Structures are given as C-alpha cells and as structure tokens.
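The structure appears right after this line, and notes come after that.
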Amino acid sequence: MRNSLADVVAAALRVLDAQGLENCSMRRVATELDVQPSALYHHVPNKQSLLALMADQIVQGVGPRTDRDLAQAPLTERLDVARRLCIDLREAMLGVRDGADVVATATAFRMGRSRVEDELARLVGGDAARTLVFFTFGHAQSTQTHRQAAALGALVGAQAADTAAAGAAQEGDTVAELDASFGRGIDLILAGLLALDQAGVSGTPAPRHASM
C-alpha cells in the first residue's frame with residue numbers, strides 16, 4: 001500500500017526519536033517505511049520541507065486556550081495568554097527528542113513567522129512576538145542539551161552525583177530550576193512590555209488582527 005504524506009511525517013518523527021536530528025536523514029526515513037528514498041520525493045521536495053512538516057506536527061496543539069477574540073482585550077489579559085502559549089510551545093518542543101532544534105530550524109528555513117509567532121503577534125505585536133519566540137526556542141534548546149548531557153553522564157562538577165540515586169534527585173532539581181528560570185525569563189519580558197505600555201511609550205504592544 002502506498003504511503004501517505006502523514007505516513008512519511010510519522011516515520012520521520014519515529015526516526016527523530018530513535019536517532020536524533022543529526023541522523024534523521026531521508027534515507028533513514030525511507031528505511032523506516034521500507035521504501036526507496038526516491039519514493040519520499042513524491043510527498044516532499046527536500047529534507048527542509050519535511051522538517052517543516054515535522055515541526056508543524058510537534059507544535060500542532062499549541063495555541064490560545066480560548067475561542068474568544070482577544071484583539072480588544074486588556075493588555076494584561078493578552079499577556080497572560082501569551083505567557084501560557086510560550087509555556088505550551090516549550091513543553092511541546094521538549095516532548096520530542098531534539099524537538100526544539102527541529103522547530104527552530106524549520107522556522108529559519110521558512111524565512112518568516114511561524115504559526116505560533118503569528119498567534120503571539122495577534123496578542124502582543126510583531127516585535128514582542130519575535131522576542132518571545134526566540135527566547136522560548138533558545139531556552140528549550142539549552143534545556144534539551146542539558147538533558148542529553150545528563151543522559152550521557154557528561155555533567156561534571158556540582159552536577160556530578162556520587163550515587164545513581166543522588167544523581168537522579170539532583171537531575172530532578174536541575175530540571176525544575178530550568179523550568180522555573182524559563183518562567184522568570186518570560187515574566188521579565190512581559191513585565192517590560194507592560195511597563196512600556198503604562199509609560200505610554202510609542203511602539204508598545206498592539207495586537208494584530210487575524211487575516212481573513
């Protein structure tokens with residue numbers, strides 16, 4: 001039976017989970033589907049296009065948790081929604097091996113805004129949205145790197161453990177601190193946006209209306 005585009009994307013995500021982004025090649029995806037690599041090009045023109053589809057799948061559930069039009073909502077309410085959206089974006093990327101690298105890379109190849117960035121821009125304006133997205137990407141990539149290093153036993157110094165139990169406990173503490181530091185960073189950005197708005201500074205967040 002001929003594979004669909006959804007089958008190709010699902011296979012690519014399985015390879016990503018097993019091999020990591022560095023080894024997620026078109027050839028390995030084809031092997032996962034038991035087809036020749038040339039068969040994949042009936043669905044996607046190149047690996048960059050496949051990465052974009054993988055990124056879409058990784059973040060497909062990320063979006064404002066309301067159906068209400070927030071364009072005229074108070075800034076404080078829009079900032080709260082933006083904060084939750086950034087947290088959801090980070091969690092979605094961290095839920096997949098190398099997910100942050102996939103989403104950040106796909107965004108770069110598109111040479112424009114991602115869907116999540118568009119959602120944020122409708123809440124807080126374009127410049128603020130890009131700042132939030134870049135911070136979220138960077139923090140998620142750093143967190144993934146830390147987790148991979150911990151899994152390989154590459155952490156040293158204060159993060160080294162004398163026993164496996166102590167190491168597991170310490171790693172749990174570190175993950176919690178990384179989560180907390182992300183929240184603090186987002187709050188700093190949002191507090192700055194609110195302060196600029198309250199000061200009446202020109203160029204402070206103005207939501208973009210959704211295009212028809």
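The values are calculated or read from the model by the stated rules, or taken from the named source; none is laboratory data. Everything numeric in this text was worked out from a predicted model, so none of it was measured. Positions of Cβ are generated from backbone atoms using ideal geometry, with glycine treated the same way; all protein chains shown enter the neighbour counts.
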Only one of these conditions is not met by Leu194: (1) in a helix (DSSP H, G or I); (2) surrounded by 11 or more Cβ atoms within 10 Å (Cβ to Cβ); (3) modelled with pLDDT under 75. Which number is it? (3)
Among (1) over 14 Å from the mean Cα position of the chain (by Cα); (2) modelled with pLDDT of 95 or more, the one test that Ala71 misses: (2)
Within the range 12-118, helices (runs of 4 or more DSSP H) holding 2 or more residues that are among the basic types (Lys, Arg): 26-33, 75-94
How many residues of the range 15-46 are surrounded by 15 or more Cβ atoms within 10 Å (Cβ to Cβ) and closer than 17 Å to Ala100 by Cα? The answer is 5
List every residue pair whose Cβ atoms sit under 7 Å apart, with the two residues 6 or more apart in sequence or on different chains, where the first one lies in the range 72-93 and is farther than 25 Å from Ala52 by Cβ and the second, anywhere, is surrounded by fewer than 20 Cβ atoms within 10 Å (Cβ to Cβ) and among the charged types (D, E, K, R). Leu75/Asp197
In the range 90-124, which residues are of a type in the set (Gly, Ala, Ser) and either closer than 22 Å to Ala12 by Cβ or not assigned by TED's automatic domain parsing to the domain that holds Ala176 (or both)? Ala92, Gly95, Gly99, Ala100, Ala104, Ala106, Ala108, Ser114
Has the range 88-102 got at least one residue that is within 30 Å of Gln198 (Cα to Cα), at pLDDT 95 or above and surrounded by 22 or more Cβ atoms within 10 Å (Cβ to Cβ)? yes
Do we have any residue at all in the range 170-179 that's modelled with pLDDT of 90 or more, assigned by TED's automatic domain parsing to the domain that holds Leu79, under 22 Å from the mean Cα position of the chain (by Cα) and not charged (D, E, K, R)? no
